[in-house]
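Student: Okay, handing you the structure first.
The values are calculated or read from the model by the stated rules, or taken from the named source; none is laboratory data. No experiment lies behind these values; they were computed from the predicted model shown. Glycine also receives a Cβ, built like all others from the backbone with ideal geometry; neighbour counts cover every protein chain displayed. We work out accessible area using only protein heavy atoms, side chains counted, and drop any ligands, DNA or RNA first. Shrake-Rupley method; radii C 1.70, N 1.55, O 1.52, S 1.80 Å.
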Amino acid sequence: MPDQCGFRFMLLSAALLLGACSDPGPRLALGTLERDRITLSATAAEIIISQPVAEGAEVQPGDLLVQLDPTLQQAVIAGIEADVARQQAVLERLYNGVRAEEKAAAAARVDTARAALQETEQDLARASTLVERGLGERAALETLGSRRASYIAQLRAVEAELQLLQAGTRSEEILEAEAQLQSIEARLAGERQRLQNLSVVATRAGTLDSLPWHQGQRVAVGQPVAVVLAEGPPHARVYIPEPARATITTGDSVVVHVDGVAEAFTGTVRWIALDPAFTPYFALNESERSRLVWLAEVQLPASAATLPAGLPAQIELP
């Protein structure tokens, strides 16, 4: 049998071992500090002609970060502006109606056509009399008959033209012209917006983190040309393990520890992913379920505004 001292040592060792197993310390969710990244993309396949702000500089909303070549878009806009001016002139002419000089000219054409028809009818009557007396040729009579029919058609055409001018512009024509003008102006507004989008500006205050392309390079549509890190305090992106997921919800206050910072921060859970990450739930057995994690974001207070992104961070789980 072991002596009394040996027995006491065994009891003490067992107690220490049980104590260590029963007090593992606070549960932690691990992650890093991040800031909202605003990625600004190219809206056209153009050459970068200017980058007035250097990487790492502070920017405000509206600051020009990247300028794409606007030459081609400016030419497109100039063409549409000419279309607008042309359609405005058409609409103005419809509003004003026909000039008196045009009506007078149409009336003169009617008088001329009537006189020609009257003269032809007189010639036709004389030729008909001569044919009846046997003094004229029937071919000449037929020629005059064809000419008379032609003059009648001409007279009807110029009379219809004069009647149309005297009636003025129809309301339907004005409505159609107005709709065409609105269509062209809408197209012009869209092209002007495309021109404006060639000037890539900051949409939020923050720090210009990177300019992926250099001046003189041609970028494709949709490629990122500037990345801005939003100002203000960062947030911690952490992975919440499965045993603690049911006890933490959006809006909860949690304690956040940041490597290299002695002070702990009180943060607010602003978002938790709906689905777990890493191992699919259907591939887990009961002993493996604790390996599931949920990505979450914890907003830090204003006192953490100077902390850089990328620092390791941990939150204490309830």
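Student: So which of Ala220, Ala186 is loosely packed, with under 14 Cβ neighbours inside 10 Å, of a type in the set (A, V, I, L, M) and without any contact (Cβ under 8 Å) to a residue 24 or more places away in the chain? Full working, then the answer.
Tutor: Details: Ala220 fails: without any contact (Cβ under 8 Å) to a residue 24 or more places away in the chain.
On inspection, the qualifying residue turns out to be Ala186.
Student: Now a separate question. Taking Glu92 as meeting all but one of (1) over 44 Å from the mean Cα position of the chain (by Cα); (2) exposed (fewer than 12 other Cβ atoms within 10 Å of the Cβ), write down the number of the exception.
Tutor: So Glu92 meets the others, but not (1).
Student: OK, next. Is segment 230-240 home to any residue that is at pLDDT below 95, charged (D, E, K, R) and surrounded by 15 or more Cβ atoms within 10 Å (Cβ to Cβ)?
Tutor: Yes, because at least one residue in segment 230-240 is at pLDDT below 95, charged (D, E, K, R) and surrounded by 15 or more Cβ atoms within 10 Å (Cβ to Cβ).
Student: Does segment 207-220 contain at least one residue that is under 20 Å from Ala309 (Cβ atoms), part of a loop (DSSP other than H, G, I, E, B) and under 30 Å from the mean Cα position of the chain (by Cα)?
Tutor: Yes, that holds for at least one residue.
Student: Is it true that Ile77 is under 30 Å from Ala177 (Cβ atoms) and at pLDDT 95 or above?
Tutor: Details: under 30 Å from Ala177 (Cβ atoms): yes; at pLDDT 95 or above: yes.
Criteria met by Ile77.
Student: Name the one entry in Arg109, Arg126 that is assigned to a helix (DSSP H, G or I), modelled with pLDDT of 80 or more, open to solvent by 80 Å² or more (accessible area, probe 1.4 Å) and charged (D, E, K, R).
Tutor: Working: Arg126 fails: modelled with pLDDT of 80 or more.
The match here is Arg109.
Student: If I filter segment 245-267 for residues that are hydroxyl-bearing (Ser, Thr, Tyr), closer than 30 Å to Ala202 by Cβ, under 33 Å from the mean Cα position of the chain (by Cα) and modelled with pLDDT of 90 or more, do I get at least one hit?
Tutor: Yes, that holds for at least one residue.
Student: State which residue is surrounded by the most Cβ atoms within 10 Å (Cβ to Cβ) when the search covers only segment 41-89 and only residues that are charged (D, E, K, R) and part of a loop (DSSP other than H, G, I, E, B). Even if it seems obvious, please write down each step before you answer.
Tutor: The first filter runs over segment 41-89 and keeps only residues charged (D, E, K, R), leaving 46, 55, 58, 63, 69, 81, 83, 86.
Narrowing the set further to residues that are part of a loop (DSSP other than H, G, I, E, B) leaves 46, 55, 63, 69.
Values: Glu46: 19, Glu55: 12, Asp63: 16, Asp69: 15.
Filtering segment 41-89 for residues that are charged (D, E, K, R) and part of a loop (DSSP other than H, G, I, E, B), the one surrounded by the most Cβ atoms within 10 Å (Cβ to Cβ) comes out as Glu46.
Student: Go through segment 234-261 residue by residue and tally those that are more than 14 Å from Ile315 (Cα to Cα) and hydrophobic (A, V, I, L, M, F, W, C).
Tutor: Of the residues in segment 234-261, 1 are more than 14 Å from Ile315 (Cα to Cα) and hydrophobic (A, V, I, L, M, F, W, C).
Student: I've got another one for you. Of the residues Leu94, Leu65, Leu72, only one is closer than 30 Å to Thr207 by Cα and of a type in the set (A, V, I, L, M, F, W, C); which? Please lay out each step first, then the result.
Tutor: Working: Leu94 fails: closer than 30 Å to Thr207 by Cα; Leu72 fails: closer than 30 Å to Thr207 by Cα.
Of the residues listed, the single one that is closer than 30 Å to Thr207 by Cα and of a type in the set (A, V, I, L, M, F, W, C) is Leu65.
Student: Out of the residues in segment 129-172 that are more than 60 Å from the chain's Cα centre (by Cα) and small (Gly, Ala, Ser), which is modelled with the lowest pLDDT?
Tutor: Start the filter on segment 129-172 by keeping residues that are more than 60 Å from the chain's Cα centre (by Cα), which leaves 129-152.
Narrowing the set further to residues that are small (Gly, Ala, Ser) leaves 134, 136, 139-140, 145-146, 149-150.
Details: Gly134: 69, Gly136: 64, Ala139: 75, Ala140: 74, Gly145: 79, Ser146: 82, Ala149: 86, Ser150: 85.
Restricting to residues being more than 60 Å from the chain's Cα centre (by Cα) and small (Gly, Ala, Ser), the top hit is Gly136.
Student: Then there's this: Considering (1) under 10 Å from Gln299 (Cα atoms); (2) part of a loop (DSSP other than H, G, I, E, B), say which one Gly267 fails and leave the rest.
Tutor: (2)
Student: Shifting gears a bit: Tell me, yes or no, whether segment 48-69 has at least one residue that is polar (S, T, N, Q) and touching a helix residue (DSSP H, G or I) at 6+ places or on another chain (Cβ under 6 Å). Reasoning before the result, please.
Tutor: Residues of segment 48-69 polar (S, T, N, Q): 50-51, 60, 67.
Next cut, touching a helix residue (DSSP H, G or I) at 6+ places or on another chain (Cβ under 6 Å) only: none.
Within segment 48-69, not a single residue is polar (S, T, N, Q) and touching a helix residue (DSSP H, G or I) at 6+ places or on another chain (Cβ under 6 Å).
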